[in-house]
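To start, the structure itself, in structure tokens.
Rule-based calculations on the coordinates, nothing more; no lab input. What you see is a predicted model, and the numbers here were worked out from it, not measured in a lab. When we count neighbours, we look across all protein chains shown, and the Cβ atoms used for this are built from the backbone with ideal geometry, even at glycine.
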């Protein structure tokens, strides 16, 4: 009988986190039990989308701030992973659990994320998409793309997916504080989004801390992992097991 394998990894450096996600996808075979990995970042890290140019950012400046710079195995735009809880799901698609397409997988995972947020008293919705100009930007959390999760129009969860050989990896950031806003100061002048005021980015996003009037440090974020795993298990109709 299928089960949901849950890996609660705590905090790792950026390169280790992305290697862990890549390795899970590489080892996965269609029909295997799906995997849910829950983790954090220490130190904070900027991840660059698979097809994005590192030269768009002041990577030396990021490292001077004590943060990592690493490329993701998935597409999308740059994210500064600081105040957040991160999830990764590896599974089979096409298949009965997650559906047959990239969008089916997004919607299935979004149902689990929305259920998790509802358990925290947060009424989230699935965004309809961003404008063409917003989609050209370099910063992921400037706006909510299609199938991403928002609250009152402000992006709360950003995700990206990679599909290969009947398998997929989808991972995403559940914002818990304002740390992601610091990314703007590392965009090189003249690049798309470099002139975006920090206030505009802040108004386009929200986080668990704002929504719940609480501070989410490492212990508080780790304490959310069981509820997140339960939401995924309930949505998929599977028993959750560690490892």
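Ellipticity at 222 nm from helices only: DSSP H runs of n ≥ 4 in the chain, each -39500 (n - 2.57), divided by the residue count, give -9000 deg cm²/dmol.
Cβ crowding within 10 Å ranks 173, 101 as 101, 173, fewest other Cβ atoms first.
Treating r as the C-beta distance of residue 9 and residue 32 and R0 as 22 Å, the FRET efficiency rounds to 0.75.
At full extension, residue 103 and residue 120 could sit 3.6 nm farther apart than now, given 0.36 nm per residue minus the alpha carbon distance.
For the chain, what proportion of DSSP beta bridges, expressed in % and rounded to the nearest 5, is antiparallel?
65 percent
Where does the Debye-calculated log10 I(q)/I(0) of segment 3-242 sit at q = 0.08, 0.12, 0.13 Å⁻¹, using only Cα point scatterers of equal weight, no solvent? Here log10 of I(q) over I(0) equals -0.27, -0.62, -0.74.
Result for the chain in a Gaussian network model with C-alpha springs under 10 Å: among 22, 212, 163, the largest mean-square fluctuation is at 212. Using C-alpha pairs under 8 Å with a sequence gap of at least 6, the mean separation divided by the residue count of the chain gives a relative contact order of 24 percent.
Full extension of the segment from residue 239 to residue 223, taken as 0.36 nm per residue of separation minus the current Cα-Cα distance, would add 3.8 nm. Equivalent-ellipsoid semi-axes for segment 50-133 (Cα gyration tensor, √(5λ), whole Å, largest first): 29, 18, 14. The equivalent ellipsoid of segment 147-187 has semi-axes of 25, 15, 8 Å, largest first, where each one is the square root of 5 times an eigenvalue of the Cα gyration tensor. Taking 7 Å steps out from each Cα toward its Cβ at residue 53 and residue 164 produces label points 2.5 nm apart.
Based on the Cβ-Cβ distance from residue 19 to residue 185, what FRET efficiency comes out when R0 is 41 Å, to the nearest 0.05?
Using R0 = 41 Å, I get an efficiency of 0.90.
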